[in-house]
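The structure under discussion appears below in the form of structure tokens.
The values are calculated or read from the model by the stated rules, or taken from the named source; none is laboratory data. Because the structure is a prediction, the values reported are computed rather than measured. Note: ideal-geometry Cβ built from the backbone for every residue, glycine included; neighbour counts use all protein chains shown. These accessible areas exclude ligands, DNA and RNA; they are computed on the full protein's heavy atoms, side chains included. Shrake-Rupley method; radii C 1.70, N 1.55, O 1.52, S 1.80 Å.
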Amino acid sequence: MLDYLQEFWKQFNWSAALAALERMLGVLLCLTVHESCHGLAAYALGDPTAKEQRRLSFNPLHHIDWLGLAAMFLCGFGWAKPVPVDMRYFKNPRRGMAITALAGPASNFLLALLLLFIASRLYYLPGEAGGVLIWVFSFLLTTAVLSIGLGLFNLIPIPPLDGSKVLFALLPEGAYYTLMRYERYGMALLLLLVWFDVGSSALSTAIYAVYTWMMRLFF
């Protein structure tokens, strides 16, 4: 038995395990920041719902939908528990919903900038980097890409993604409330688009373009 365990230890793919851990932690961070900032924006606009339900937190356990996390980790498409928003608290409900929706993607772009800034400080440290620093550097870059991807993906104007709430706010009032009633069908449409790989090339190109531009700011 001991020989078997020793052999298993030798053969274990530590690189793959560390890459999986890197991606999982990155996904948790990106989703947590995204959802927390939705709640913070709503709270700043007068809606206490997210605060009352303990969603103004950077504890990932308050936001994670485990099925959505697994889907994003395995398929690159996932979701967290939506932050509850009661637009009746907003002075201007449609504008308030649009601002609250934009707060999520905006937070992801700001997070990516912060991660790349930290990565650049590590990159220019004097001396030779050790194994831990190399992993941290890789984690920062990977998470920046994930954060940019989450931000761009959520700007797609298909319900229930954030971009749809911004688009709907620009429509006449009657059309806005009509489309909001059909929001629940948007998830089925998104799943079909992901299943048939529609638009993935354009999204990847956009992620690469934003990531390259951000990299040039710090490297």
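Annotations
- Selected residue (only one of I134, I118, I156 is exposed (fewer than 14 other Cβ atoms within 10 Å of the Cβ) and among the hydrophobic types (A, V, I, L, M, F, W, C)): I134
- First in region 131-152 and over 19 Å from T32 (Cα atoms), second anywhere and among the aromatic types (F, W, Y), Cβ under 8 Å, 6 or more apart: F137/Y123
- Scope region 77-87; condition closer than 15 Å to L29 by Cα and at pLDDT below 70; matching residues: G78
- Any pair with Cβ under 6 angstrom, 6 or more apart, that starts in region 193-219 at a residue that is more than 19 Å from R121 (Cβ to Cβ) and ends at one that is outside any helix (DSSP H, G or I) and open to solvent by 50 Å² or more (accessible area, probe 1.4 Å): none
- Among the residues of region 87-114, those identified as over 17 Å from L152 (Cα atoms) and open to solvent by less than 50 Å² (accessible area, probe 1.4 Å) are M87, F90, P93, R94, G96, M97.
- Test: residue in region 31-40 that is touching a Ser or Thr at 6+ places or on another chain (Cβ under 7 Å), open to solvent by 40 Å² or more (accessible area, probe 1.4 Å) and in a helix (DSSP H, G or I): no
- Taken together, A209, A202, A188 contain a single residue that is out of contact with any helix residue (DSSP H, G or I) (no Cβ under 9 Å at 6 or more places or on another chain) and under 14 Å from W79 (Cα atoms), which is A188.
- The set of residues in region 78-114 being in a loop (DSSP other than H, G, I, E, B) and touching a residue at least 60 places away in the same chain (Cβ under 8 Å) consists of P82 alone.
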